[in-house]
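This report refers to the structure that appears directly beneath it.
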Amino acid sequence: MVAVSKGNQDAFQQLLHVHVDAINRFARRMSGNSHEADDITQETMLRLWQHAHKFDPRRSKLTTWLHSIARNLCMDHHRKNARFTPLEERSDDLCKGATRGEPETRGPEINLHTIQTESLVHGALLGLPERQRSALVLSYYQQLPNQAVAEILAVSLSATESLLARARRNLKQILDDSHGT
Amino acid sequence: MVHNRLADLLAAYGSHIENWPEHDQMLFSERTDDIQITEKFIEAQRLDQQLDSFAVSSNPNLKALITSKIKLHLVDRFYQWLVPNSWKLAWQPAIAAMLVVLLGFSIGIQVEQPSPLASNWEDQLYWAAFAPEDDAYE
């Protein structure tokens, strides 16, 4: 980070290689479409380049700092657009490939049912209040430790756990309702 | 106590025990015979399966795109060096300013100042007119 703050492009490339995919997947799950998510990812990584000198490793880990920037950008986009773009604008590439952890290619066996389930889950996630969605995506999909999630959301550890429980309960309710209709 | 904590953990983190806080992970193995906990576990597992189905891939072109945006031209690099975004690098513009002053100073020293009397022949004639007519004192 010290090298990046001095304008070392090679050092930045290394950080980019480590973090860009995780931030992109986070943004894709948080936002309504892949274009918006890609913009948020680019902006996050450019802020890392421009404001590396502001990062204090004693206060937080770099992953936490980057997710925090990305979440703030997601909220900015959300405010600008009044609401996240609905699923119909979601491109196919959002559905393909990765699992909740590392990226992987699922192959051609993706069927209509799978895509429908993915859309339902994505829709249900977007239906959650922002803090609950952030907590769930950061903890479940990004697999950040509780301490990091609490730091990003600026709440206590017990409040984070409570947010997660509410998020899962509401998500289950939304999914049950959508299966029922 | 353990029963309640396990119920809370399943409600918050789901059935992936590896996602639970480390100090709580052992709790589940202690209560595998608890029917209520088993039911909650199965319920959480069902939701996790749905969550796991929402897989996303990252855009492989992003790295190149971001890299192209940070590649700076020579002029931009010089400007960035001259106007750094941190106070810690304030020595850079200070050095630049000092170099300019030193350059001006060295140029100033090297330039030879012409004598006001010998600058051109008209001035020489003008000053010669004030010279005494007789050279008796010489």
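Every number in this text was worked out from the coordinates using simple rules, so none of it is lab data. None of the values given here were measured: they were computed from a predicted structure. A quick note on method: Cβ atoms are made from the backbone with ideal geometry, for glycine too, and the neighbour counts reach across all protein chains shown.
Miscellaneous remarks
- Neighbour-count ranking [beta-carbon atoms within 10 angstrom, fewest first] of B:67, A:160: B:67, A:160
- The distance between label points at residue B:88 and residue B:64 comes to 3.4 nm (points 7 Å beyond Cα on the Cα→Cβ vector).
- Low-density loop positions, GluC sites (Glu not before Pro), the range B:1-58 - DSSP coil, at most 16 other Cβ in 10 Å: none
- Once the C-beta distance of residue A:172 and residue B:2 is scaled by a Förster radius of 35 Å, the resulting FRET efficiency is 0.90 to the nearest 0.05.
- Alpha-carbon Debye profile of chain B, log10 I(q)/I(0) at 0.10, 0.17 Å⁻¹: -0.76, -1.01
- Listing B:121, B:20 from fewest to most neighbouring C-beta atoms within 10 Å gives B:121, B:20.
- Remark on residue B:57: its backbone amide H falls under 5 Å from those of A:96, A:98, a criterion applied only to residues 5 or more positions apart or on other chains, H modelled at 1.01 Å from N.
- Taking every residue in B:59-69 and counting other chain Cβ atoms within 10 Å of its Cβ, the average works out to 6.
- Placing dummy labels 7 Å off each Cα toward the beta-carbon, the span from residue A:156 to residue B:45 is 3.4 nm.
- In the structure shown, the pairs A:172/B:69; A:61/A:172; A:80/B:63; A:80/B:88; A:6/B:63; A:61/B:69 are assessed against 30 Å; a Cα-Cα span above that value is assigned to A:172/B:69; A:61/A:172; A:80/B:88.
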